[in-house]
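Novice: Please find one structure pasted underneath; my questions will follow.
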Amino acid sequence: MANVAIMGYGTIGSGVAEVLMENKAEIARAAGEEVQLKYVLDVRDFPDSPVADKLIHDFSQIENDPDVQIVVETMGGLNPAYPFVKACLLAGKHVVTSNKALVAAHGTELLQIAREKGINFFFEASVGGGIPIIRPLYRCLAGERITEITGILNGTTNYILTKMDKEGASFEETLKDAQELGYAERNPEVDIEGYDTCRKIAILTAMVTGKEVNYEEIYTEGITKITDVDFRYAAQMGTSVKLFGSSHIDNGEVHAWVAPVMIGKKHPLYAVSDVYNGIVVKGNMLGTSMYYGSGAGKLPTASAVVADIIEAVQNKGHNVPIGWSNEKQPIADMATAAYRYFVRVEGKAAERCAEVEAAFGKCRVIEIDGLDEFAVLTGRMAEGDFRARMEKIPGIRQVIRAELED
Ligand code: HSE
């Protein structure tokens, strides 16, 4: 029998307890032995919960109990998650976490401790909620040279953008919904400013390069500047706007960024709506593959945590070689990444189009009746080049990177 402790009885932690109880038989069959929840650590009391008799408030009980072989960290944040997780690994316990902030900030060190101790540090649930993506990368795609990972990696922002697109709903209204449904982070900035996506694409990039990625080097732009007017143009163009985390790997050069992107119906991520996440992975032999499912929420995320618990039970005696080394992976300057650009400009197209095309070259022009502005879709050019050309045009109201065919 394997004994598990959960640290943090919030949305995900309570979901893990629920999955362990509800799917007890399936989990035992897959793990090869019974998995028992021994402790739940939280500062709060939950007298009416199904884990009331397992609740403890003192971390040292977990750290010092040799019967606890696997510790689940679902506290979120870095403090005390980081010192607790580190202490558990140093005490020879396998750790499973859903905490992308922890993995992005301290993954290198925690993976190294796990290697040295011959135990495991697993984090499937830290990216894509319930979608299997970390394990496919280190198992199913292990023989691939990955050239691109692009994902809709944040359920909250995808939910907001979908509602703005389909229903014309306001940003604030949908954010409130997402929070009530348990998708959003406690601090909404983490989702809407793209910080959550940034940590997730940093983890995915480190997984495929095998090197440490500093998430602070990743250009990150959220969705707070996307408006209903942008979606009116998108509707007219048959496009949509999605928040992407993306990494392109070419001969060791890595471009990684987070930004809203205008895409068309042919893009594999176009149909990824609401709280769902989708991740496209391209490999030199594989071509394109896509992973899709529930990217946030209590039970989907808990399901991924439980799969890691099973992987830990199956590999109790040794370290599964996953993750990345201490070597640093430089991230290329965003100015050298190339896109097309959707640009909204003040004034009438008839009067200003020549000026705009003199700066950007031949563009597709889009007009909406009744607006005191127009939009253009430029050709593909490096971001640094685009920024320099943009300086020549006064009255630009919006710029959104675009991945669109002609
Ligand atoms: N706030 C995150 C999201 C939770 O909305 O995707 C899952 O990481």
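Novice: Round to the nearest 10 and give me the degree value, 0 to 90, for the angle of helix 11-22's Cα axis relative to the longest principal axis of the chain.
Specialist: So the inclination is approximately 50 degrees.
Novice: Also, quick follow-up: Which percent of Cα pairs goes in each bin when the distances of the range 312-392 are cut into 10 angstrom slices starting at zero?
Specialist: Histogramming the range 312-392 at 10 Å steps yields 15, 32, 16, 10, 11, 10, 5, 0 percent.
Novice: Let me ask you something else. Leaving out same-chain residues fewer than 8 places away, which lysines sit with a Cα under 17 Å from that of Lys100?
Specialist: Filter leaves Lys86, Lys200, Lys211, Lys298.
Novice: Please identify every one of the GluC sites (Glu not before Pro) in the range 308-391 that sits in a loop by DSSP and has no more than 10 other beta carbons within 10 Å of its own beta carbon.
Specialist: Numbers: sites: Glu311, Glu327, Glu346, Glu351, Glu355, Glu357, Glu367, Glu373, Glu383, Glu391; in loops: Glu327, Glu367, Glu391.
Those that pass, being in a loop and sparsely packed, are Glu327, Glu391.
Novice: Roughly how tilted is helix 81-90, in degrees to the nearest 10 and between 0 and 90, from the longest Cα axis of the chain?
Specialist: Between the helix axis and the principal axis of the chain, the angle is about 50 degrees.
Novice: Still on this structure, I have one more. For the range 95-197, what is the accessible area per residue in Å² when the probe is 1.4 Å?
Specialist: Values: 3780 Å² over 103 residues.
Solvent-accessible surface per residue comes out at 37 Å².
Novice: Give me the orientation-averaged projected area of the Cα convex hull of the range 243-360, in nm², one decimal. Write out the running numbers ahead of the final one.
Specialist: On the way: hull surface 49.9 nm².
The number I arrive at for the range 243-360 is 12.5 nm².
Novice: Another question, if that's okay. So what's the angle, to the nearest 10 degrees on a 0 to 90 scale, between helix 100-117 and the longest Cα principal axis of the chain?
Specialist: For 100-117 against the chain, the angle is about 40 degrees.
Novice: Continuing with this model, one more query. Mind grabbing the accessible area of Glu173 for me, 1.4 Å probe, Å², rounded to tens?
Specialist: Looks like 110 Å² after rounding.
Novice: While we're here: So which residue, out of Gly245, Gly194, Gly379, gets the largest mean-square fluctuation from a GNM of the chain using Cα contacts under 10 Å as springs?
Specialist: Gly379
Novice: Report relative contact order for the chain in percent, whole number only (criteria: Cα-Cα under 8 Å, sequence separation at least 6). Let's see the in-between values first.
Specialist: Values: 869 pairs, mean separation 73.2, N = 406.
RCO, the chain: 18 percent.
Novice: log₁₀ I(q)/I(0) of the chain at q = 0.09 Å⁻¹, via Debye over equal Cα point scatterers, no solvent, to two decimals?
Specialist: Debye intensities relative to I(0), on a log10 scale: -0.57.
Novice: Here's a follow-up. Can you give me the solvent accessible area of Asp67 with a 1.4 Å probe, rounded to the nearest 10 Å²?
Specialist: The accessible area comes out at roughly 80 Å².
Novice: Follow-up. I'd like the Karplus ³J(HN,Hα) series for the range 25-41: coefficients 6.51, -1.76, 1.60, θ = phi - 60°, whole numbers in Hz, and an x wherever there's a Gly or Pro.
Specialist: 5, 4, 5, 4, 5, 5, 7, x, 7, 6, 10, 10, 7, 9, 9, 10, 9
Novice: Let me ask something additional. Calculate what fraction, in whole %, of the accessible area of the range 132-247 sits on carbon and sulfur atoms when a 1.4 Å probe is rolled over the protein chains. Mind showing how you got there, number by number?
Specialist: Values: 2090 of 4630 Å².
The nonpolar share, carbon plus sulfur, comes to 45 percent.
Novice: Also, quick follow-up: Restricting attention to the range 1-69, which trypsin sites (Lys or Arg not before Pro) occupy a DSSP loop and are surrounded by at most 11 other Cβ atoms within 10 Å?
Specialist: Numbers: sites: Lys24, Arg29, Lys38, Arg44, Lys54; in loops: Arg44.
Here the trypsin sites (Lys or Arg not before Pro) that fit, given the DSSP loop and packing criteria, are Arg44.
Novice: In the range 332-406, which chymotrypsin sites (Phe, Trp or Tyr not before Pro) fall in coil by DSSP and have 12 or fewer other Cβ atoms within 10 Å? Mind showing how you got there, number by number?
Specialist: Working: sites: Tyr339, Tyr341, Phe342, Phe360, Phe374, Phe386; in loops: none.
Passing both the DSSP loop test and the Cβ count: no residue.
Novice: Shifting gears a bit: From the square roots a ≥ b ≥ c of the eigenvalues of the alpha-carbon gyration tensor of the range 1-131, which class results: rounded (a/c under 1.5), prolate (a/b over b/c), or oblate?
Specialist: Working: a/c = 1.34, a/b = 1.23, b/c = 1.09.
Rounded is the answer for the range 1-131, as its axis ratio a/c remains below 1.5.
Novice: Once a ≥ b ≥ c are taken as the square roots of the eigenvalues of the Cα gyration tensor of the range 106-257, is the result rounded (a/c under 1.5), prolate (a/b larger than b/c) or oblate (a/b not larger than b/c)?
Specialist: Prolate, because a/c is 1.5 or more and a/b exceeds b/c.
Novice: Could you work out how far the C-alpha centroid of the range 112-148 sits from that of the range 171-238, in angstrom?
Specialist: That distance is 22 Å.
Novice: Report, in deg cm²/dmol and to the nearest 500, the calculated mean residue ellipticity at 222 nm for the chain, where each DSSP H run with n ≥ 4 adds -39500 (n - 2.57) and the sum is divided by the residue count. Intermediate results must be reported in sequence, preceding the final value.
Specialist: On the way: 13 runs with 143 residues, N = 406.
After summing the helix terms and dividing by the residues of the chain, the value is -10500 deg cm²/dmol.
Novice: Right, here's the next one. Below 8 Å, C-alpha to C-alpha, sequence gap of six or more: please give me the relative contact order for the range 145-269 in percent.
Specialist: Working: 192 pairs, mean separation 39.4, N = 125.
Once divided by the residue count of the range 145-269, the mean separation gives 31 percent.
Novice: Largest first, what is the accessible-area ranking of Lys100, Lys298 with a 1.4 Å probe? Numbers along the way, then the final one.
Specialist: Working: Lys100 35, Lys298 75 Å².
The most accessible residue leads, giving Lys298, Lys100.
Novice: Can you give me the % of accessible surface on the range 12-130 that is carbon or sulfur? Probe 1.4 Å, all protein chains present, nothing else counted. Before the final figure, lay out the partial values.
Specialist: On the way: 2370 of 4800 Å².
C and S atoms contribute 49 percent here.
Novice: Could you provide, to the nearest whole Å², the per residue accessible area of the range 237-303 with probe 1.4 Å?
Specialist: On the way: 2470 Å² over 67 residues.
Dividing the accessible area of the range 237-303 by its residue count gives 37 Å².
Novice: Next up: How large, in percent, is the carbon and sulfur part of the accessible surface of the range 275-339 at a probe radius of 1.4 Å?
Specialist: Working: 1510 of 2670 Å².
Carbon-and-sulfur percentage of accessible area, whole number: 56.
The values are calculated or read from the model by the stated rules, or taken from the named source; none is laboratory data. Small disclaimer: the values here were computed from a predicted structure and weren't measured. Note: ideal-geometry Cβ built from the backbone for every residue, glycine included; neighbour counts use all protein chains shown. The protein model used for the area step is the full one, side chains on, heavy atoms only, and it has no ligands, DNA or RNA in it. Shrake-Rupley method; radii C 1.70, N 1.55, O 1.52, S 1.80 Å.
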